[in-house]
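Down below is the structure, laid out as structure tokens.
All of the numbers you see were taken from the coordinates with simple rules; none came from a lab. Everything numeric here is computed off the predicted structure, so don't read it as measured data. Virtual Cβ from ideal backbone geometry, glycine too; neighbours counted across all protein chains shown.
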Amino acid sequence: MAPAVRSARAEGIDFTGAVPEDTCYYRAYEGAFDLVIAQYHDQGHIPVKLSAFDTAVNVSLGLSLDRCSVDHGTAFDIAGQSKAKHDNMLFALDYASRTARANREVAV
């Protein structure tokens with residue numbers, strides 16, 4: 001992590017870290033950070049799903065294109081039962097739309 005932190009800071013990014021995970025997500029939820037980078041899938045998804053299960057959006061950073069998706073699994077346990085909610089999809093589409101507009105404004 002240390003090289004990544006140094007690199008981000010060298011680019012002028014206000015980067016705090018590494019932060020102990022037992023307090024990191026609470027601090028983020030309270031507004032201390034704009035973004036939390038988790039090193040492992042479950043390290044990031046568990047606290048996010050606890051606080052925003054139906055509204056969270058999964059965003060991949062560092063790719064050549066913007067990528068976001070719903071932040072849940074396939075829900076095979078409720079497939080075909082008309083129990084699935086579409087809230088995450090709406091939030092993901094909204095995020096993708098805002099990101100695309102922002103990128104288009106920058107590219108013009």
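Restricting to DSSP loop positions (anything but H, G, I, E, B) with no more than 13 other Cβ atoms inside 10 Å of their own Cβ, which chymotrypsin sites (Phe, Trp or Tyr not before Pro) remain in segment 1-82? Sparse-neighbourhood loop chymotrypsin sites (Phe, Trp or Tyr not before Pro): TYR40, PHE53. When all alpha carbon pairs of segment 1-52 are counted in 10 Å bins from zero, the resulting P(r) reads 22, 54, 23, 2 %. What FRET efficiency comes out for the pair LEU65/HIS41, r = Cβ-Cβ distance, R0 = 25 Å, nearest 0.05? Given R0 = 25 Å and the Cβ-Cβ separation, E is 0.75. Using a/c under 1.5 as the rounded threshold, could you call the chain rounded, prolate or oblate? The axes a ≥ b ≥ c are square roots of the C-alpha gyration tensor eigenvalues, and prolate needs a/b larger than b/c, oblate otherwise. Oblate, since a/c reaches 1.5 and b/c is not below a/b. Among ALA2, ALA102, ALA18, which residue has its Cα furthest toward the positive end of the charge dipole of the chain, with +1 on Lys/Arg Cβ and -1 on Asp/Glu Cβ? Of the listed residues, the answer is ALA102. Normalised radius of gyration (Cα atoms, divided by 2.2 N^0.38 Å) for segment 54-108: 1.38.
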